[in-house]
Amino acid sequence: MTKRVEVAAGVIFRRDGRFLLGQRAPDTFYAGYWEFPGGKVEPGESPPDALVRELDEELGIRVQAVRPWITREHLYEHAHVRLHFFEVADWEGELHDHVHSALSWERVEAPEVGPMLPANGPILKALRLPRWMGITHAVDIGVARQLELLDAALAGGLRLIQVREPGMAVSELRAFAAEIVTRARAFGASVVVNGNAALAAETGADGVHLSAAQLAVLGARPALEWVGASCHTRAELERAADLGVDYAVLGSVQPTATHPGQAALGWERFAELIRGLPMPVLALGGLVRADMARARAAGAHGIAAIRGSWDQS
Ligand SMILES: Nc1nc2c([nH]c(=O)n2[C@@H]2O[C@H](COP(=O)(O)OP(=O)(O)OP(=O)(O)O)[C@@H](O)[C@H]2O)c(=O)[nH]1
């Protein structure tokens, strides 16, 4: 039987947004491959405690706070590992590496070192997922106004847009989505189209955002770069994980005008529902920019919002 190993690893961010990778030393498994700093969880230890200890032992840094992020399992020749990835934003001290052959600060958009440990491909992709998703609502505010607000948001740093226009005629939606893709491209932003993989492909969008209903019946992951899904329950999140989606959106965290009367989850329940999932989760529902720290402390990768994305106040 393959040995089971629990591992805690950290995505350590520097002030300029770069994150740290270490190259595995000679005489270890996968020598020369790059990894996130971290190591095995000891008996009786929690994964966050293990990470704080490992980062002290390996790098000589003191970590103030870690945020849960993604948990992935991988079957290596030598062990079946469960990797608990955390984000480490608050740390102090000078790096003194004791275990790696080299360290490198990388950009999330395009890490340059390699090869990477086999389990880490999806982790690097998850890091490329922007922290904020703007969801369109031209059916409420009009196409012209939505495009105007989109331009302002792109100029302000928005890098992920979901085209979601329930009720819009398909011909109008095709033109609208194509226009969003053109404008997003100019800023290097990505676009996913809600509920329609064919339209996404046709308009040159980067992916599709599946509704919970589609998620329930789909046999396989659509062949697009980004596939995400709307979820409301743990069962839906697990189904999304099984389908191999790149991200999920879970809500509503707070009461929202889009679904009046729907019970809000609150942050505690949100954190509970997403625990241990293998993909990043965006929090949805009545959220604004000021909620980002709270969302990430709860384990969210970031936030998805309709109104909160376009309000200019
Ligand atoms: N630290 C770290 N380990 C990772 C990552 N990705 C990944 O698959 N792993 C796996 O998780 C395990 C980490 O264990 P480790 O670093 O404590 O131990 P090791 O293999 O060097 O062996 P040893 O501690 O027995 O000498 C290894 O099997 C490693 O291949 C990652 O990004 N960071």
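Taking a ≥ b ≥ c as the square roots of the eigenvalues of the Cα gyration tensor of segment 72-143, is the shape rounded (a/c under 1.5), prolate (a/b larger than b/c) or oblate? Cα axes put segment 72-143 in the prolate bin. Counting neighbouring beta carbons within 10 Å and listing from fewest to most, the residues Leu250, Leu59 come out as Leu59, Leu250. Based on Cα atoms of the chain, Rg over Rh with Rh as the Kirkwood radius reads 0.99.
Each residue of segment 132-310 gets 110 Å³ once the volume of the Cα convex hull is shared out per residue. Backbone N atoms of segment 131-148 closer than 13 Å to the 7 Å Cα→Cβ label point of Ala186 belong to residues 147-148.
For the pair segment 142-205 and segment 1-41, the centres of their Cα atoms are 37 angstrom apart. Pairs of C-alpha atoms in segment 48-186 farther apart than 27 Å represent 44 percent of all such pairs. Each residue, Ser211 and Glu109, gets one label point 7 Å from its Cα in the Cβ direction; the gap between the two is 3.5 nm. Averaging the sequence gap over all C-alpha pairs within less than 8 Å and six or more residues apart, then dividing by the number of residues, gives the chain a relative contact order of 14 percent. Taking the number of Cβ atoms within 10 Å of each Cβ as an exposure proxy, the fewest-first ranking of Ser104, Ser190 is Ser104, Ser190.
For segment 3-53, the share of alpha carbon pairs falling in successive 5 Å distance bins from zero is 4, 19, 21, 22, 20, 10, 3, 1 percent.
Full extension of the segment from Glu73 to Leu224, taken as 0.36 nm per residue of separation minus the current Cα-Cα distance, would add 52.0 nm.
A Cα-only calculation for segment 4-125 places Rg and Dmax at 13.3, 37 Å.
No value in this document is a laboratory result; all are computed from the given coordinates. Worth saying up front: this structure is predicted, and the values here are computed from it rather than measured. Please note: Cβ atoms are built from the backbone with ideal geometry, for glycine as well, and neighbour counts cover all protein chains shown.
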